[in-house]
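Here is the structure we will look at.
The values are calculated or read from the model by the stated rules, or taken from the named source; none is laboratory data. The shown structure was predicted, so the numbers you read here are calculated from the model rather than taken from an experiment. Backbone-built Cβ (ideal geometry, glycine too); neighbour counts: all protein chains shown. Areas reflect the complete protein model, heavy atoms only, side chains present, ligands, DNA and RNA absent. Shrake-Rupley method; radii C 1.70, N 1.55, O 1.52, S 1.80 Å.
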Amino acid sequence: MPSLTLNGVTVNFPFPPYDCQKDYMAKVLECLQKKANGVLESPTGTGKTLCLLCATLAWREHFRDTISARKISEKLNGAEMFPNTTVSSWGSAATDGATPTYYTDIPKIIYASRTHSQLAQVINELKNTSYSPKVCVLGSREQLCINPEVMRQESNQAKVHMCRGKVSARSCSFYNNVEDKSTDKDLVKSILDVEDLVKFGNKQRVCPYYLSRTLKQQADIIFMPYNYLLDPKSRRTHNIELNGAVVIFDEAHNVEKTCEEATSFDLTPYDVASAISAVDRLLVEQAKDAAVTEDFNVEGLSSGLKVNIETIAKVKQILLDLEAVVDSYDVPSEKGITKPGIFIYELLERVHLTFNSKTAVCEALEQIIGHLTGQPGIFLNTSGLQKLADIIQLVFCGDPPEKERQQWMQTNTAQFKVHIHRDKSYHKKPQSTDVWASSSSSSKKQGNVLSYWCFSPGFSMQDLVAQGVRCIILTSGTLSPLSSFTCEMRIPFSVSLENSHVIERDQIFVGIIERGPDGVHLSSAFDRRFLPENMASLGNTVANMSRVVPDGLLVFFPSFPLMEKTLDFWRTNGHAARIDSIKPLFVEPKGKGTFNEVIDGYYNKVKDPTSKGGTFCAVCRGKASEGLDFADTFGRGVIITGLPFPPKMDPRVILKMQFLDEMSRKKAPGVKYLSGQEWYKQQAFRAVNQAIGRVIRHKEDYGAILLCDQRFKGPGARAQLPSWLRPYVRLYESFGNVIRDLAQFFRVAQKMRPLVEKTAAAQSCGTVCSPDTRSSAVPSCSSSQSVHPQKAKKLDTHLPSLKRRRLNDHSGANGMARLCIEYECEVQESQKRPVNLLDALERGDHREEEDDDAVVGEEKANHLSTLSLQCDKRMDDEMRGGKRKIKLVQEQKSCRSEDVSGDGSPSSRAKSFLAEMKSLSRINFTRIMQALQNYKKDDRLDVLLAEAAVLTEDANTHALLRGLYHFLRPHHKKRFDEKCQQLTGQGCGYQPSHSLSVDEKKALVLQSAPASRPAAGLTSSTCSQLNTQQLNKGGPHLNQQGLRGPQTATAGRPAAGLTSSTCSQLNTQQLNKGGPHLNQQGLREPGGTSGSASKTDLHTAFLADVKKAIGAEKSALLFRAIKSYKKTDGYDELVTTVVSLFTERDEDFKLLIRFGLFIPTRHKKQYKEMLDALIGQSVSAAEVPAASEEQQRQVSSSPPRQSKISSQKK
């Protein structure tokens, strides 16, 4: 494992680190060595978690080593044990300044993140390092308890109550084993997350919850969620010791909110009513006991309660007064009443809660709660009493002297506001399981809520510093701007870093999409988000993007209500069905119960080699946008459908903005606050940036970010995006252009960074296949063939014009197996068809043919894997002297091969020959293939015949010898035929024409036909292969759509059997050499109309079809766009209109092709590229601008193809 030295500390890293990783680790070490707080931003995908762990643990080991060095030096009385390495060179950490240091003083590392799922990822990263610290992860009973009886309880409070009861009575067998199992070597030396701990507990029959608390005492690094650390109550519950500890907050963009929530509370009427009910229950119980014993001093009772009945009555009076005081305020139904933070002391004083009485009341509450929860039998809800105790400890924290108390209260509440508002959720509260509480009339009435809200995370951060931590490190991928972030924390940060990314320009595509395919502005603004046209345009946008983005597509909405309403609209209007037919939809649930099932379904769909991937709809700030890993195919694209601003009418948001405005107006020296509006905007973009971070997860990852809201186009909005992302942002006003560029991006990315994966079929054989082997084959794009919608997983299969094959990783195969696979997977260097069979053989040409639509990717993967195993087995048999298994070649195949003038293309004949050749042994196969390659280079037939002599030894391989005939050059075919006749008794079907070169054949055709009339019987396949440069030499009668004669009756007709589509492949640039009669509309007789319609007729027919297809109103829009284009030459505006009109229905796509009639030469290339990207087939430059009458009929008669872009449901 590589190691490097940073700041005098040797860090072991799993691989050679990038420069940005070195910078990051150096900053972490600086914080640790200098006891300085740090705020470190590094983009998602730069490996910050791994850097953080390695740097921190390396420093901790160095710290321990320096202590050892100092102790050795003391034992030697100053003498050096290692003369070449003096003790002083070990660093100053040995003494840690002026304070003597011992092994017990080595700081613990407390690593906090937002959720346990994020912590599980961190622990997995730790397992990849060379470090093996003692680890502990803290969790709740909800996550760690394995006692079946406890887990059957409905509420968390009931679980805690039953657990404590069983522990105190030692009736839990799992808890009773904790002491014995806590020293288990497998446990102490293992690095376990919550799931691993539960598995260990089930296996060893020991309680994971109390086991983790035991492990905490000896742990070097402790993992826990934020709230365990920031909430004073949770810290006390888990007994977290912070003195001298290093505290790390990963994903620290959430720290601000967590800090504020940890020091805030909402006291509802339900809380107060349930507390009153619990106290009533206790009073009744104590009154009965008092009647029996006639002793009102409860200390003498067997119950063990250490408070008398008068104290219990006082607690009840406090609760009744608190309820009355809060409900006494006449609260406006919407706004509520807001008071300064110090008002909380005034309100609580009215119910007899002060600094002087807080201790007695807290002790009484503790005794009452302990007594009620310890009772056997029916569970009694004590959450209301617990909340009152927490409120007293929060508000009356500390114990200031009487003289300084007022000033202390003023300072302590400066970041708080008191808000009293109506309880809108009282009817939604779950009924308590306690019959006493549920029968209370006060719990059923609507009252007021007392809220005490903190608006500065600095309150909690200052509390952490006061606990004596060594340093605090905050890190995330989205902390910018750091200045405002650190200012809100209200503690000094002397170390900071804004890191760069590790990816290249070709790995990221960022587009701001202002309009949908129908030209409607996209916006999630409050006044537009629910407009039908906006939701429809967004649905069309997502549907079209799902066709171009391969594999997994993430779609993030600003909020759950917006997502739900938009999806309902899409389901009603067909948008959801269209998306689902391409990439099945998965929707993030609100509750956490079914989330894992949904995300697993999405992952499985993306991994499925027979599917095109999946679409996952989620919410910014939701679970999917935080910490989940959508690397590689799981997240090739992310669509942000709008800006997730906080709800502006929410009282807490309003008060937060007011608080920040007040603070910024005060202009305290050295402190800079954001304004309320700046904070509001920053919250939206932090959520966006976090969602964006789901795409690029490592150095070799790539993906697209599509910002589908016109508000992103402003310079202020772009400035809020991450600094590493800004250089790549492009604004698109035309939807067609973004599809074109996006298609090009994925084509290049897939070619440069092919992802090697195991398909389901290949795993069983151990052969690794490229993802392209999973894709469904694409049907032919010829207009004369029916085109059916095909499912595909990669962009290559969406867009046949972009189709490429990449060389697989065949490191696991060798010899014959590898050679066979290479013939299946060899990279295509050109899209051109092979000139001859030797070229086809050299290329292997085993890419997916356009007519191979029956072969799906999974079958190909199976074929490759099986082929590899067969070849290896055959070679093994041969090496052991076993019999060779020779595949019998059917005579029909050889006869087919011998038909030189057959319909098969060079590539298909090469493919067939290779399939037959692979029946040979590995040695013979390699020998023949090498001989053919050498023959192509040196043109030596004798050498080829000598090597191919092995095929004459067995009658079953004679057909293979004759099959070589097709790969010979014309001047060798006669001689080879004679040789085959001599050796095998059968020739190859030689004919004198086989010895003619291609050029000689074409010259013969010209000589045998009249001057302007091709010979009768000339087939389309023959004409399509004519060398146009020699054929015409400037003659006036040829163009791309057919052969026409001049104007004479005899010379003006093409020969029988030569149709207009026959010569559609002729290259007019070489064909005509300046002749006046060649154009791209078809071969015409100059001035004549025989056999075809005039250009005007074509235009008229096209416009009539347009009116019939889209109606008069939309036709008028098209005509206006064409007229405007002729005046302004605004190509983008024209294409936007055309695309929106001709993509509403898939059957209208033929009109999009035929519209090329109106595109002038200067824009042909652009239009061709757009069609390539949108239609899903390669459209040649010649096909785009024009279409003959025959082609129009073919297009009209062919079934509708599935488009790559559409703007409305069919």
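When the residues of the range 138-191 are filtered to those that are hydroxyl-bearing (Ser, Thr, Tyr) and more than 27 Å from Ile221 (Cβ to Cβ), which remaining residue is surrounded by the fewest Cβ atoms within 10 Å (Cβ to Cβ)? Taking the candidates together, the pick is Ser168.
Every residue, every condition in (1) open to solvent by less than 20 Å² (accessible area, probe 1.4 Å); (2) touching an Asp or Glu at 6+ places or on another chain (Cβ under 9 Å), yes or no:
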site: Ala313; (1), (2): no, no
site: Val326; (1), (2): yes, no
site: Gly336; (1), (2): yes, no
site: Pro340; (1), (2): no, no
site: Leu347; (1), (2): yes, no
site: Val351; (1), (2): yes, yes
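Tally time: how many residues in the range 13-31 are assigned to a helix (DSSP H, G or I) and either surrounded by 14 or more Cβ atoms within 10 Å (Cβ to Cβ) or among the hydroxyl-bearing types (Ser, Thr, Tyr) (or both)? Selection size over the range 13-31: 12. Kindly evaluate Ala245 against the criterion of being of a type in the set (Gly, Ala, Ser), open to solvent by less than 30 Å² (accessible area, probe 1.4 Å) and under 19 Å from Val194 (Cα atoms). Considered against the rule, which asks whether it is of a type in the set (Gly, Ala, Ser), open to solvent by less than 30 Å² (accessible area, probe 1.4 Å) and under 19 Å from Val194 (Cα atoms), Ala245 comes out as no.
Taking the range 937-969 as the range and being in contact with a helix residue (DSSP H, G or I) (Cβ under 9 Å, 6 or more places away or on another chain), of a type in the set (D, E, K, R) and open to solvent by 50 Å² or more (accessible area, probe 1.4 Å) as the test, the residues that pass are Asp939, Arg940, Glu947, Arg969.
As for the range 342-362, it holds no residue that is assigned to a strand (DSSP E or B), over 23 Å from Pro457 (Cα atoms), modelled with pLDDT of 90 or more and of a type outside the set (D, E, K, R). Here Ile579 fulfils each of the conditions (1) of a type outside the set (Ser, Thr, Tyr); (2) over 26 Å from His698 (Cα atoms); (3) open to solvent by 10 Å² or more (accessible area, probe 1.4 Å) apart from (3). Restricting the first member to the range 463-487 and to residues that are more than 28 Å from Arg621 (Cβ to Cβ), and the second to residues that are basic (Lys, Arg), the beta-carbon pairs closer than 7 Å and six or more apart or on different chains are Arg470/Lys35; Cys471/Lys35.
No other residue among Thr66, Thr10 is over 29 Å from the mean Cα position of the chain (by Cα), among the polar types (S, T, N, Q) and open to solvent by 60 Å² or more (accessible area, probe 1.4 Å) apart from Thr10. Checking every residue in the range 657-668 against the condition of being in a loop (DSSP other than H, G, I, E, B), touching a helix residue (DSSP H, G or I) at 6+ places or on another chain (Cβ under 9 Å) and either surrounded by 20 or more Cβ atoms within 10 Å (Cβ to Cβ) or among the aliphatic types (A, V, I, L, M) (or both) gives zero matches.
Name, by its number, the condition in (1) touching a residue at least 60 places away in the same chain (Cβ under 8 Å); (2) surrounded by fewer than 16 Cβ atoms within 10 Å (Cβ to Cβ); (3) under 20 Å from the mean Cα position of the chain (by Cα) that does not hold for Lys672. Failing condition for Lys672: (3).
Looking at this structure, is Ala704 in a helix (DSSP H, G or I), under 20 Å from the mean Cα position of the chain (by Cα) and buried (at least 16 other Cβ atoms within 10 Å of the Cβ)?
It is false that Ala704 is in a helix (DSSP H, G or I), under 20 Å from the mean Cα position of the chain (by Cα) and buried (at least 16 other Cβ atoms within 10 Å of the Cβ).
Considering the conditions (1) at pLDDT 90 or above; (2) closer than 26 Å to Phe746 by Cα; (3) open to solvent by 40 Å² or more (accessible area, probe 1.4 Å), Thr641 is excluded by exactly one of them, (3).
Kindly indicate whether any position in the range 584-591 is under 24 Å from Phe712 (Cα atoms), among the basic types (Lys, Arg) and either in contact (Cβ under 8 Å) with a residue 12 or more places away in the chain or touching a Phe, Trp or Tyr at 6+ places or on another chain (Cβ under 6 Å) (or both). No - not one qualifying residue is present in the range 584-591. When we screen Thr46, Thr56, Thr101, Thr86 for residues that are within 26 Å of Lys127 (Cα to Cα) and at pLDDT below 90, the only hit is Thr46.
Cβ-Cβ contacts under 9 Å between residues 6 or more apart (or on different chains), taken from a first residue in the range 1111-1132 that is over 21 Å from Asn737 (Cβ atoms) and β-branched (Val, Ile, Thr) to a second residue that is open to solvent by 70 Å² or more (accessible area, probe 1.4 Å) and assigned to a helix (DSSP H, G or I), are absent. Is it fair to say Thr237 is open to solvent by 30 Å² or more (accessible area, probe 1.4 Å), part of a helix (DSSP H, G or I) and either within 17 Å of Ile109 (Cα to Cα) or at pLDDT 90 or above (or both)? No, not satisfied.
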